[in-house]
Amino acid sequence: QVQLVESGGGLVQAGGSLSLSCAASGSIFSINVMGWYRQAPGKQRELVAAINSAGSTNYANSVRGRFTISRDNAKNTVYLQMNSLKAEDTAVYYCNVVRPSSEYWGQGTQVTVSS
């Protein structure tokens with residue numbers, strides 16, 4: 001099992017910045033992809049950004065150029081720096097970790113952007 005502890009999030013005005021972090025513990029060997037998803041009210045959960053063990057990244061078109069994902073393999077932690085936030089970025093953000101035969105989710109952290 002992998003346990004994920006998220007931190008960060010909160011309330012910010014449009015144009016502001018927030019940072020999220022997610023620390024993995026437990027059976028952390030062979031973690032490949034670490035990422036962030038989000039789910040707004042009434043919408044499906046969607047990928048925000050992901051990064052694999054080699055450092056290759058993938059971003060949703062809606063956040064590319066504004067958000068930056070990074071990871072510290074020594075700390076088994078993934079980060080999401082969110083800049084130029086918009087009202088439409090408001091959602092619950094979930095950390096996601098993928099191993100070869102399993103996938104884990106964090107409990108979610110609320111990000112609210114006021115316009």
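In segment 1-27, how many residues are open to solvent by 50 Å² or more (accessible area, probe 1.4 Å) and either in contact with a Phe, Trp or Tyr (Cβ under 6 Å, 6 or more places away or on another chain) or hydrophobic (A, V, I, L, M, F, W, C) (or both)? Of the residues in that region, 3 qualify.
Scanning segment 13-48 for residues that are of a type outside the set (S, T, N, Q), part of a loop (DSSP other than H, G, I, E, B) and under 29 Å from Ser115 (Cα atoms) turns up Ala14, Gly15, Gly16, Ala40, Pro41, Gly42, Lys43, Arg45.
Being among the hydrophobic types (A, V, I, L, M, F, W, C), over 29 Å from Ser115 (Cα atoms) and either crowded, with 16+ Cβ neighbours inside 10 Å or touching a residue at least 60 places away in the same chain (Cβ under 8 Å) (or both) is the requirement here; does Ile51 meet it? If you could, list the steps in order and put the result at the bottom.
Working: among the hydrophobic types (A, V, I, L, M, F, W, C): yes; over 29 Å from Ser115 (Cα atoms): yes; either crowded, with 16+ Cβ neighbours inside 10 Å or touching a residue at least 60 places away in the same chain (Cβ under 8 Å) (or both): yes.
Yes: the conditions hold for Ile51.
Of all residues in segment 61-104, those that are aromatic (Phe, Trp, Tyr) and loosely packed, with under 15 Cβ neighbours inside 10 Å total 0.
For beta carbons closer than 9 Å, sequence separation of 6+ or different chains, a first residue in segment 88-115 that is among the aromatic types (Phe, Trp, Tyr) and a second that is at pLDDT 95 or above and in a loop (DSSP other than H, G, I, E, B), the qualifying pairs are Tyr93/Gly106; Tyr93/Gly108; Tyr94/Arg45; Tyr94/Gly106; Tyr94/Gln107; Tyr94/Gly108.
The values are calculated or read from the model by the stated rules, or taken from the named source; none is laboratory data. Only a predicted model underlies this, so the values are computations on that prediction, with no experimental measurement involved. So basically every Cβ, Gly included, is an ideal-geometry build from the backbone, and we count neighbours across all protein chains shown. Remember, those area values only see protein heavy atoms, side chains included, never the ligands or the DNA or RNA. Shrake-Rupley method; radii C 1.70, N 1.55, O 1.52, S 1.80 Å.
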